[in-house]
Amino acid sequence: MTKLSQNKSVATRLITGFGDERGAVMVEFALVISLFFFLFFGAIDLGRLFSSFVWSEGGADFAVRIAVVRESACAGVPARHTRGTAVSAPRFGTSCSAVAGTCANVGTITCAGDPTNATAAEIWARITPLMPNGTTIGDLQFSYSFDPNLGFLGGPYTPMVTIDLHPPPFQFISPLGALAAAASVSNPGTLGNDIIYPTFSVSLPGEDLALGEAG
C-alpha cells in the first residue's frame, strides 16, 4: 500500500469516527434536554397542584364558617327546634340533650349549591377566587344534620353544618406523558393524566342561622 493510500485510509477513519461521535452527542443531548423539560414542567405542575389543594381546603373552611351564621342554603331546614318524641313534653327552653326526643330529629338535609339561594350565592362569591379552574357553585354540597347536643327546645335550629367541595379534576399544563416517554421513563402512560381531587369536607356546629338582624 502506498503512502498516499495510507493517508487516505487514516483520513477516512477520522471523518467516520467524528461523524459517529457527533451523532452520539446529539442523541445524548436529546435525552438530557427531554429529562430537563420533564423535571422543569413537572415541578411547575406539582406546584400548581399543591397550591390548588391548599386553596381548596381554605375555601371549604371559609365556606362553612359563613354557612353556620347564615340562613340555610337548603330547602326544608327548620328555623327552630320543635318538640320531639319525648313523652314528658319538656318545657320550651330545655336543652335538646336533656332527654332523648326533647327536640324533633329532622335527620340530615343536603343540597347542591344553588345560585338563586342567598346563602349559597354569598358563599360562592367569596370563595370563587380560591377555587381551581372549572369549579362551579354546583360543586358545593351543603348538609344540615340534626345533633341532639346542640340547641334548645323552641330556640333557633342549630344543626351540624357540613360543606363538601368537589372540584373538577386537576389538569396538567405540560405534556408529562410525552416528555417521560422521550426521557425513557418507565410506564409513562399515567403521567400527565388528570388528577381527581379528594372531597374537601369541613363541619362546624350551627349557631343561630342568622335569625334576627344581627346574625
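Annotation: of all residues in region 101-160 being among the aromatic types (Phe, Trp, Tyr) and at pLDDT 95 or above, the one that is nearest to HIS81 (Cα to Cα) is PHE146. Restricting ARG48, ARG80, ARG91, ARG65 to those that are of a type in the set (D, E, K, R), under 16 Å from LEU165 (Cα atoms) and surrounded by fewer than 18 Cβ atoms within 10 Å (Cβ to Cβ) reduces the list to ARG65.
For (1) among the polar types (S, T, N, Q); (2) part of a loop (DSSP other than H, G, I, E, B); (3) under 17 Å from ASP139 (Cβ atoms); (4) in contact with a helix residue (DSSP H, G or I) (Cβ under 7 Å, 6 or more places away or on another chain), each residue gets a yes or a no:
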residue: PHE37; (1), (2), (3), (4): no, no, no, yes
residue: ALA43; (1), (2), (3), (4): no, no, no, no
residue: GLY47; (1), (2), (3), (4): no, no, no, no
residue: PHE53; (1), (2), (3), (4): no, no, yes, no
residue: PHE62; (1), (2), (3), (4): no, no, yes, yes
residue: CYS74; (1), (2), (3), (4): no, yes, yes, no
residue: THR85; (1), (2), (3), (4): yes, yes, no, no
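Within region 83-131, the set of residues being out of contact with any strand residue (DSSP E or B) (no Cβ under 9 Å at 6 or more places or on another chain), among the β-branched types (Val, Ile, Thr) and under 30 Å from TRP55 (Cα atoms) comprises THR116, THR128. A count restricted to region 130-163 and to residues that are surrounded by fewer than 18 Cβ atoms within 10 Å (Cβ to Cβ), within 27 Å of the chain's Cα centre (by Cα) and part of a loop (DSSP other than H, G, I, E, B) stands at 3. For the condition part of a loop (DSSP other than H, G, I, E, B) and modelled with pLDDT of 90 or more, SER97 qualifies. The number of residues in region 132-176 that are β-branched (Val, Ile, Thr) and out of contact with any strand residue (DSSP E or B) (no Cβ under 9 Å at 6 or more places or on another chain) comes to 2.
The values are calculated or read from the model by the stated rules, or taken from the named source; none is laboratory data. No experiment lies behind these values; they were computed from the predicted model shown. Backbone-built Cβ (ideal geometry, glycine too); neighbour counts: all protein chains shown.
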